[in-house]
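The block underneath contains the structure these notes are about, expressed in structure tokens.
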Amino acid sequence: MMSFLPQLSLPLPHHCSSSKPFQNPTVIALRSPTTVSNATTDSGIQFRRKLLYLRGLNVNALEALRKNPEFRSTPLRTLKSVETCLASMGIERAALGRIFDMYPQLLTCDPYLDLYPVFGFLLNDVEIPFPDVRTAIIRCPRLLICGVDDQLMPTLWFLRKLGFVGRQAITCQTTVLLVSSVENTLLRKLEYLRSLGLSCSEVANMVLRSPGLLTFSIENNYRPKVEYFLREMKGDIVEIKRFPQYFSFSLERKIKPRHKLLLDHGFSMSLSDMLKVSDGEFNLRLTKLRLRCLEEFPSAEVLLLNNLFLISVLTPKDWKRESSISCFYLYQLPLLDVFVYWLKILGCVNPLIVLDFYTFPILQFSSIIFIFLKCS
């Protein structure tokens with residue numbers, strides 16, 4: 001039976017002679033079930049401690065583990081060393097939860113290889129004051145996961161060449177630009193602005209005046225707002241050059257509603273006048289424009305003018321261009337009769353009452369505007 005077994009020739013280690021058998025074979029000591037159980041228990045306890053640590057930072061531990069599997073085998077002291085590093089730059093513990101939720105890979109990074117070089121870049125190359133480093137990180141935590149040599153430094157050189165020097169130098173408010181790729185992001189946005197008919201110097205000036213332009217999406221911001229401005233508002237691209245902040249306002253929540261109000265009433269405003277003010281100030285300007293139009297229209301028993309219902313008992317001879325219009329604000333409708341009676345006592349002939357709901361920017365509640373005409 002032995003002759004049917006194949007003759008196996010096993011290779012020997014180089015340090016062993018082929019003519020000598022192994023003299024001291026290695027004996028593998030198997031751990032007892034008790035030893036394995038203790039190791040498993042210790043590992044489970046350590047893992048639970050890490051989960052409790054993340055819970056204390058308000059970090060979603062399950063999501064962090066899913067995005068960064070290395071977290072399971074990383075010692076707790078490594079996690080705490082990252083917190084110590086960030087705290088040394090003034091980043092408080094309450095802000096760590098948001099940072100780690102956004103970038104869980106930071107939990108297992110080496111502070112000396114990954115974090116301190118970024119802080120050194122911000123302090124020495126960008127020349128951001130130490131107290132402002134915290135602000136830069138809070139505004140853009142992505143800085144912490146960017147490489148200095150392959151991402152941050154090339155972008156800094158490009159931005160400085162574009163004109164971000166001197167008074168326009170990068171600050172803690174604009175360090176978000178440093179995380180953008182020069183080739184794939186910044187150059188594409190600059191080229192799109194140039195395609196609107198603007199020169200290189202005009203585009204650079206727009207970006208320096210409004211650095212946020214370089215953070216907006218071409219498809220989700222630039223293109224729809226330019227199309228609406230040119231097609232619906234019949235605007236001139238020169239006005240966008242004068243007011244590049246146009247791209248920072250919401251198209252659906254601010255630009256379209258305000259333009260529609262102006263269009264419905266037959267008025268027009270520059271982009272800055274239309275968008276820079278609060279809702280209350282815009283409504284006030286619109287109301288003033290509507291009041292100015294009253295002098296240009298004849299009187300009638302009932303006039304419907306730009307959605308203003310004019311309840312009038314005036315005759316054409318009472319409507320005089322030189323008459324002055326005064327505004328009074330009442331906050332309770334039952335006072336209407338008393339108010340009209342008081343006006344007549346003061347000598348105001350045939351009060352012209354205009355009912356309009358308007359929200360004051362300070363009082364923030366609706367009131368009724370009563371307008372009367374003083375006849376000379």
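The values are calculated or read from the model by the stated rules, or taken from the named source; none is laboratory data. Small disclaimer: the values here were computed from a predicted structure and weren't measured. So basically every Cβ, Gly included, is an ideal-geometry build from the backbone, and we count neighbours across all protein chains shown.
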field: Where a residue in the range 208-223 is farther than 17 Å from ARG242 by Cα and part of a loop (DSSP other than H, G, I, E, B) and its partner, wherever it lies, is of a type in the set (Lys, Arg) and at pLDDT 95 or above, with Cβ under 8 Å and at least six apart
entry: PHE216/LYS189
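On the given criteria, is PRO141 at pLDDT below 95 and either under 19 Å from the mean Cα position of the chain (by Cα) or farther than 28 Å from GLU202 by Cβ (or both)?
On the way: at pLDDT below 95: no; either under 19 Å from the mean Cα position of the chain (by Cα) or farther than 28 Å from GLU202 by Cβ (or both): yes.
It is false that PRO141 is at pLDDT below 95 and either under 19 Å from the mean Cα position of the chain (by Cα) or farther than 28 Å from GLU202 by Cβ (or both).
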message: Tell me yes or no: at least one residue of the range 53-66 is within 24 Å of the chain's Cα centre (by Cα), buried (at least 18 other Cβ atoms within 10 Å of the Cβ), free of Cβ contacts under 8 Å to residues at least 40 places away in the same chain and farther than 20 Å from GLY147 by Cα.
response: no
Pair list, Cβ under 7 Å, 6 or more apart: the range 164-190 residue more than 16 Å from ALA204 (Cα to Cα), other residue assigned to a loop (DSSP other than H, G, I, E, B) and of a type outside the set (Val, Ile, Thr): THR175/CYS140; VAL176/CYS140; VAL179/CYS140; VAL179/CYS146
- prompt: Given the conditions (1) at positive phi; (2) outside any loop (DSSP other than H, G, I, E, B), which single one is not true for GLY197?
  reply: (2)
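Please pick out the residue among GLU83, GLU92 that is in contact (Cβ under 8 Å) with a residue 12 or more places away in the chain and of a type in the set (D, E, K, R).
On the way: GLU92 fails: in contact (Cβ under 8 Å) with a residue 12 or more places away in the chain.
Step by step, each of GLU83, GLU92 is checked, and only GLU83 is in contact (Cβ under 8 Å) with a residue 12 or more places away in the chain and of a type in the set (D, E, K, R).
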task: Identify the residue in the range 210-241 that is of a type in the set (D, E, K, R) and surrounded by 14 or more Cβ atoms within 10 Å (Cβ to Cβ) and, among all such residues, is farthest from THR155 (Cα to Cα).
output: GLU239
- prompt: Which one of these does TYR246 not meet: (1) at pLDDT 95 or above; (2) over 18 Å from the mean Cα position of the chain (by Cα); (3) surrounded by 14 or more Cβ atoms within 10 Å (Cβ to Cβ)?
  reply: (2)
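Residues that are crowded, with 20+ Cβ neighbours inside 10 Å: list the helices (runs of 4 or more DSSP H) wholly contained in the range 88-139 that include at least 3 such residues.
Details: elements: 96-102, 116-120, 130-139.
In the range 88-139, 96-102, 130-139 are the helices (runs of 4 or more DSSP H) which contain 3 or more residues that are crowded, with 20+ Cβ neighbours inside 10 Å.
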- prompt: Does ASP150 fit the bill of being assigned to a helix (DSSP H, G or I) and either within 26 Å of ARG77 (Cβ to Cβ) or under 24 Å from the mean Cα position of the chain (by Cα) (or both)?
  reply: no
field: Meets criteria (surrounded by 10 or more Cβ atoms within 10 Å (Cβ to Cβ), of a type in the set (Phe, Trp, Tyr) and modelled with pLDDT under 90) for PHE71
entry: yes
field: Counted residues, the range 263-286 - those being in a loop (DSSP other than H, G, I, E, B), more than 19 Å from GLU252 (Cα to Cα) and either polar (S, T, N, Q) or touching a helix residue (DSSP H, G or I) at 6+ places or on another chain (Cβ under 7 Å) (or both)
entry: 1
field: Any hit, the range 202-211, residues being within 21 Å of the chain's Cα centre (by Cα), under 30 Å from TYR112 (Cα atoms) and not acidic (Asp, Glu)
entry: no
